[in-house]
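Chemist: Before anything else, here's the structure in question.
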Amino acid sequence: LYLLSDSFSEIILISGSLLLGFPIPVLPAQIIWINLITDGFPSFALTLEPGEKEVMKDKPRKRKAKILDKEMKILIFVIGIFTDLILLVVFWLMLKSGQYELNYIRTFIFAALGLDSLFYVFSCRSLRHTILTKNPFSNKALNIGVLIGLGLQMLAIYATPFQKLFDTVPLGVKAWIIIVLLGLIEIVAIETVKYYFIIKRRTKEV
């Protein structure tokens, strides 16, 4: 769910930009960095997530059952489309304003994609519980992984050797505030969809 959501977001973002005649919003090297480096540690840490007691209440899966069920497909779609619509609008507004160089705008999108995935990884910890009812410290490896991912993302934006490699430029405080707000808005959207399925699941059990 986590890795597919990330990849789907990038595919739709780039495809949408090309169809609308925009420049590529994020460079290939930046995509590789996000997928392998920024998201690498959090995705590995998800494998160390403690098991849930409710799993024993699940009915056995059929032999031909698909890996991705309806809920996961909808969440991947919501994460991808929601992220892309917002970032495409932001990308277009920044281009239209003429106040920013293309490298700065791409750095903004690069930072937004990276930080966004570090945010919603916490929503991907469980489909049975909302982010508010899940102990944020029960998976210490995930917290460490997210901090490492955040540090590496900052390195790609602010360290001179990496700036030359990824064509990034430093972002100001205002840009980071907007990026954090966008990440929080997406978490609300994801958790809303999750809560709908949680209520639906509980209703069936009753």
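Chemist: Mind checking the per residue accessible area of segment 137-206 for me, 1.4 Å probe, whole number of Å²?
Modeler: 60 Å²
Chemist: I've got another one for you. Mean separation of Cα pairs under 8 Å and 6+ residues apart, divided by the residue count of the chain: what relative contact order is that in percent? Could you put the intermediate results ahead of the total?
Modeler: Working: 200 pairs, mean separation 67.4, N = 206.
That works out to 33 percent.
Chemist: Please give the direction-averaged projected area of the C-alpha convex hull for the chain, in square nanometres with one decimal. Could the numbers behind the result be given before it?
Modeler: Values: hull surface 50.8 nm².
Reported value for the Cα convex hull: 12.7 nm².
Chemist: Something else now. Could you identify which residue out of Val173, Val55, Val188 has the top mean-square fluctuation in a GNM of the chain using Cα springs shorter than 10 Å?
Modeler: Evaluated over the chain, the most mobile residue of the options is Val55.
Chemist: Give me the percent of accessible area attributable to carbon and sulfur for segment 1-52, probe 1.4 angstrom.
Modeler: Carbon and sulfur: 80 percent of the exposed surface of segment 1-52.
Chemist: Oh, and also: Given a 10 angstrom Cα cut-off, can you work out which residue in Ile24, Ile76, Ile187 is the most mobile in a GNM of the chain?
Modeler: Comparing Ile24, Ile76, Ile187 in a Gaussian network model of the chain, the most mobile one is Ile24.
Chemist: Now for a different question. Among Thr130, Thr47, Thr168, which one moves the most in a GNM of the chain with springs linking Cα atoms closer than 10 Å?
Modeler: Thr47
Chemist: Continuing with this model, one more query. Roughly speaking, what is the centre-to-centre gap between segment 69-121 and segment 144-205 when only Cα atoms are used, to the nearest Å?
Modeler: 10 Å
Chemist: Kindly provide the helix-only [θ] at 222 nm of the chain, computed as the sum of -39,500 (n - 2.57) over DSSP H runs of four or more divided by all residues, to the nearest 500 deg cm²/dmol?
Modeler: Value at 222 nm, helices only: -22000 deg cm²/dmol.
Chemist: Would you work out what percent of the accessible area of segment 67-185, with all protein chains in place, is carbon or sulfur (probe 1.4 Å)? All intermediate terms of the calculation are to be shown ahead of the outcome.
Modeler: Values: 4360 of 5930 Å².
That share works out to 73 percent.
Chemist: Further, regarding this structure: So what is Rg over Rh here for segment 29-140, counting just Cα atoms and using Kirkwood for Rh? Each step should come with its number before you reach the end.
Modeler: Details: Rg = 17.8 Å, Rh = 16.8 Å.
Rounded to two decimals, Rg/Rh equals 1.06.
Chemist: If you don't mind, another one. For segment 123-136, just list the computed ³J(HN,Hα) in residue order, Karplus coefficients 6.51, -1.76 and 1.60, θ = phi - 60°, integers in Hz, with x standing in for Gly and Pro.
Modeler: 6, 7, 5, 8, 9, 8, 10, 6, 5, 7, 9, 9, 4, x
Chemist: Okay, moving on. Tell me, what is the per residue accessible area of segment 1-131 in Å², probe radius 1.4 Å?
Modeler: Averaged over the residues of segment 1-131, the accessible area is 55 Å².
The values are calculated or read from the model by the stated rules, or taken from the named source; none is laboratory data. Remember, it's a predicted structure, so these values are computed and weren't measured experimentally. To get the accessible areas, we keep the full protein, side chains included, count just its heavy atoms, and leave off ligands, DNA and RNA. Shrake-Rupley method; radii C 1.70, N 1.55, O 1.52, S 1.80 Å.
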